Each structure stands twice: as C-alpha cells, then as structure tokens.
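**Q** Pasting a structure below so you can have a look.
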Amino acid sequence: MQIPIDKLKTMVRGVARTQEKEYSCDDVYQLLDEFTEAVAQGKDVAKLMPLVQQHLEMCPDCREEFEALLRVVRAAQPGA
Ligand SMILES: [Zn+2]
C-alpha cells in the first residue's frame, strides 16, 4: 500500500506547524550552498543553521538537492 505524496506532505506540514519558525523550500534553496559548504567543512550546522537542518530532515525534495550538492562539494575537495 502506498501513501500518496500529497498526503505525506500534508502530514509533514502538520508536524512542521508545531515549530515556531520554519523555512520554506525556497528559503532553504537560497541557503543550500552555504549550508552544504558548512557541512563539508565539518561545521556544526545544527547550531549554525538549525532551520535549514530541520527543513532537510522533513523535506525529501530538499534533502535530495542537498545530497547532490554535497557530493559535488566533496568531490571538489580532494583530501578532505
Ligand atoms: Zn523543502
């Protein structure tokens, strides 16, 4: 049995609504370069950009984008 993606998104939004602040996908997209570089540098992104981190945890679309970006950033950092 499969849950329709729209229903999943609604469920996720319901969870997100309990947070005081939240980022939209657009907000996250704007910060994704910076966030990904911070991750690649081993920075504590949960502290630096908690709202981005939080969004990625609940948004598969943005997480996919982030993971693709992270691969690119890591590939550009030999020896890291
Ligand atoms: Zn998103």
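**Q** Of all residues in the stretch 34-49, which are more than 15 Å from the ligand (Cβ to nearest atom) and part of a helix (DSSP H, G or I)?
**A** Scanning the stretch 34-49 gives Glu34, Glu37, Ala38, Val39, Ala40, Val45, Ala46, Lys47, Leu48.
**Q** Here's a follow-up. Only residues that are away from the ligand (no atom under 11 Å from the Cβ) and surrounded by fewer than 15 Cβ atoms within 10 Å (Cβ to Cβ): list them for the stretch 17-33, please.
**A** Hits for the stretch 17-33 are Arg17, Thr18, Gln19, Glu20, Lys21, Gln30, Asp33.
**Q** Could you grab me the full set of residues in the stretch 61-80 that are within 15 Å of the ligand (Cβ to nearest atom) and either hydroxyl-bearing (Ser, Thr, Tyr) or surrounded by 13 or more Cβ atoms within 10 Å (Cβ to Cβ) (or both)?
**A** Result: Asp61, Cys62, Arg63, Glu65, Phe66, Leu69.
**Q** Right, another one. For Val45, only one of the following conditions fails: (1) exposed (fewer than 15 other Cβ atoms within 10 Å of the Cβ); (2) farther than 20 Å from Ile5 by Cβ. What is its number?
**A** For Val45, the failing item is (1).
Each reported figure results from applying straightforward, stated rules to the coordinates on display, with no laboratory input. Here the structure is a predicted model, which is why all the values come from computation and not from measurement. Using ideal geometry, Cβ is built from the backbone for each residue, glycine included, and neighbour counts are taken over all protein chains shown.
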